[in-house]
Amino acid sequence: MTHSPFINVDAFMAELKAKNPAEPEFHQAVHEVILSLADFLNENPKYQKAGILERIVEPERVIMFRVPWLDDQGNMRVNRGFRIEMNSAIGPYKGGLRFHPTVNLGILKFLAFEQVFKNSLTTLPMGGGKGGSDFDPKGKSDNEVMRFCQSFMTELYRHIGPNTDVPAGDIGVGGREIGYLFGQYKRLANEFTGVLTGKGINWGGSLIRPEATGYGNVYFANEMLKTKGESFEGKTVLVSGSGNVAQYTVEKVNELGGKVVTLSDSSGYIYDPDGIDNEKLEWVMYLKNIKRGRIKEYADKYGVKYVEGARPWGEKGDIALPSATQNEIDGNDAKTLVDNGCFCVSEGANMPSTPDAIDVFLKNEILYGPGKAANAGGVAVSGLEMTQNSIRLSWSREEVDEKLHNIMKEIHATCIKYGTKENGFVNYMDGANIGGFVKVADAMLAQGAV
Ligand code: NDP
Ligand code: 2IT
């Protein structure tokens, strides 16, 4: 890409789209960041003189590979594997693996791009990466998932390492998959290292890593609420998704005295006006993590409403914590939320709000915590897992939780520092984008033409 010392957002986006066609999620993620950065970059021309923007949207390396595996009937199956090594200016590439049939290059590039800023915000030394496959774990046996993971790692292992690139989980990749991936890495490399995070607790994992994204998002939302003299106590909360992030979001909201009334999956959502208490949550964890069933079964078991093919944003709630996937809140959903009195949206998922939805939140000046800030607790505790692996010690639950809590407070403070507008309104999106950018961009400036 060519570059000029001053940002012309439209020209920049036109060139990016021409060079990266058919990657709408990547375009969306970059556009949001560029809009936040434009004034800042024009006020600080040293970044554009060095072409930082043109470099930061170009992955350092993209790896794409064939993943052949045999299903239980002995049929040969083939999926596509990816690892995007986006930016290593401030540390080894770090970010999750997603296994989902919708996975493609553009989706993983958007996620890797977001990860660069998110990891910078955590205060820990981690670069950004993301990977995955269009493999669909749904309906597969444990043995099929194991064979797939082994085949995936048979190629990936030569590109990763504890000081190079450290993958973790994301949609469709949880403790089971990390176990199979780690076992195969260990066989191939003949070494026991912290090459993946989200490991089991007795083979190098960190306490609180499973909880970290959900807990972290609630800690972040709580910091935003505090700026308005508010808290979770007595609030009605809408949560989407019912996987790792959603589950521990519910647990922490319950602890802070809020009431979660919705959960969802890709088939529909449930509405439980009495709230999903800890006993019901335990059942959801069994349903989703062990039985691997559908959220509709919650409605059958507890006799509550289930809405097929819909998302929960039409229900009334004070706070919304989207925790399923990208673009799950559109402009109309956002308007409905705000009209129904929702005054705080904090993103557990990556890029769950469309640009139209974000416009609605910002125009109404509600508390809006973007994913790269609000869900950074997961990767932050991954960073703490890397530290524990390096020093060959493990910290207690309380120690890790306290560190997580402090990191979320620091991220909130960074957003306030860079996102406070003249009228006092805090635009957390701008704050997170600028705050995340500065550290990476300064490192790139210091390191020369990298
Ligand atoms: P899981 O696989 O554990 O759960 C994903 C949940 O979202 C499931 O309920 C799933 O439903 C639902 N979902 C997935 N795709 C869609 C879709 N297209 N439409 C509607 N619902 C969908 O993943 P996680 O909980 O780990 O991840 C959830 C979100 O949080 C993602 O955006 C992820 O990138 C983000 N995130 C995760 C972190 C982590 O540490 N795990 C860290 C930071 C962000 P179904 O079962 O039907 O597919
Ligand atoms: O989106 C994310 O931050 C994650 N999926 C977690 C990444 C990690 O390395 O723990």
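Every number in this text was worked out from the coordinates using simple rules, so none of it is lab data. Quantities reported herein were computed from a predicted structural model and do not represent experimental measurements. Backbone-built Cβ (ideal geometry, glycine too); neighbour counts: all protein chains shown.
Projecting the Cα atoms of 236, 275, 295 onto the charge dipole of the stretch 217-298 (Cβ charges, centred on the Cα centre) puts 295 farthest toward the positive pole.
Evaluated at q = 0.10, 0.11, 0.16 Å⁻¹, the base-10 log of the normalised Debye intensity for the stretch 154-297, with identical point scatterers placed on the Cα atoms, takes the values -0.43, -0.51, -0.89. Relative to the current alpha-carbon distance between residue 387 and residue 316, full extension at 0.36 nm per residue lengthens the span by 21.4 nm. Dipole magnitude for the stretch 148-230: computed about the Cα centre from +1 point charges on Lys and Arg Cβ and -1 point charges on Asp and Glu Cβ, it is near 160 debye. Computed on the chain, with alpha-carbon pairs under 8 angstrom and 6+ residues apart, the relative contact order is 15 percent. The helix-only estimate of mean residue ellipticity at 222 nm for the chain, built from DSSP H runs of length n ≥ 4 each weighted as -39500 (n - 2.57), is -15000 deg cm²/dmol after division by the residue total.
Extent of the stretch 378-436 along its three principal axes (Cα atoms, max minus min coordinate, largest first): 48, 19, 14 Å.
Rounded to the nearest whole Hz, the Karplus-based 3J(HN,Hα) values (6.51 cos²θ - 1.76 cosθ + 1.60, θ = phi - 60°) of the stretch 351-364 follow the sequence 6, x, 9, 6, x, 4, 5, 4, 4, 4, 4, 6, 5, 8, with x at glycine and proline.
Dividing the Cα radius of gyration of the chain by 2.2 N^0.38 Å, with N the residue count, gives 0.93. Percentage of Cα-Cα pair distances in the stretch 291-446 greater than 27 Å, rounded to whole percent? Within the stretch 291-446, distances greater than 27 Å cover 38 percent of Cα pairs.
Based on DSSP, what percent of beta bridges with both residues in the stretch 14-147 are antiparallel, to the nearest 5?
Taking every DSSP beta bridge with both residues in the stretch 14-147, the antiparallel ones total about 85 percent.
With N set to the residue count of the stretch 276-315, report its C-alpha Rg divided by 2.2 N^0.38 Å to two decimal places.
The stretch 276-315 yields a ratio of 1.19.
When each of the peptides 320-329, 185-194, 33-42 is scored by the mean number of other C-beta atoms lying within 10 Å of its residues, the order from highest to lowest reads 320-329, 33-42, 185-194.
Only Cα pairs under 8 Å and at least 6 apart count here; give the relative contact order of the stretch 340-450 as a rounded whole percent.
Result for the stretch 340-450 is 21 percent.
Pairs of C-alpha atoms in the stretch 6-137 farther apart than 25 Å represent 32 percent of all such pairs. Net length available on complete extension from residue 420 to residue 302 is 38.1 nm, with 0.36 nm assigned per residue and the Cα-Cα distance removed.
Around the Cα centre of the chain, unit charges on the Cβ atoms of Lys, Arg, Asp and Glu (plus for the first two, minus for the last two) sum to a dipole of about 1120 debye. For the stretch 36-113, a Kirkwood radius taken over Cα pairs fed into Stokes-Einstein (4 °C, viscosity 1.567 mPa s) yields D = 85 µm²/s. With R₀ fixed at 22 Å, the C-beta to C-beta distance from residue 409 to residue 233 puts the FRET efficiency at about 0.70. For the stretch 288-428, the dipole from Cβ point charges (+1 on Lys and Arg, -1 on Asp and Glu) about the Cα centre works out to 440 debye, to the nearest 20.
Put +1 on the Cβ of each Lys and Arg and -1 on the Cβ of each Asp and Glu in the stretch 261-368; which of 352, 336, 284 then has its Cα farthest toward the positive end of the dipole? Among 352, 336, 284, the one farthest towards the positive end of the dipole of the stretch 261-368 is 284. Computed from backbone phi with θ = phi - 60° and the Karplus coefficients 6.51, -1.76 and 1.60, the 3J(HN,Hα) list for the stretch 135-152 is 5, 10, x, 4, x, 8, 6, 4, 5, 5, 4, 5, 5, 4, 4, 5, 5, 4 Hz; x is used for glycine and proline. Computed packing ranks the peptides 86-93, 216-223 as 216-223, 86-93, most packed first, by mean other Cβ atoms within 10 Å.
For the chain, the residue among 317, 206, 369 whose Cα projects farthest onto the positive side of the dipole built from Cβ charges is 206.
So for the stretch 277-422, averaging the separation of alpha carbon pairs under 8 Å that are six or more residues apart and normalising by length, what relative contact order in percent results? Once normalised by length, the contact order is 15 percent. With viscosity 0.890 mPa s and temperature 25 °C, the Kirkwood radius over alpha carbon pairs of the stretch 54-203 converts through Stokes-Einstein to a diffusion coefficient of 160 µm²/s.
Here the convex hull built on the C-alpha positions of the stretch 214-327 has a volume of 97 cubic angstrom per residue.
Peptides 239-251, 289-301 ranked from most to least packed give 239-251, 289-301, packing being the mean of other C-beta atoms within 10 angstrom over each peptide's residues.
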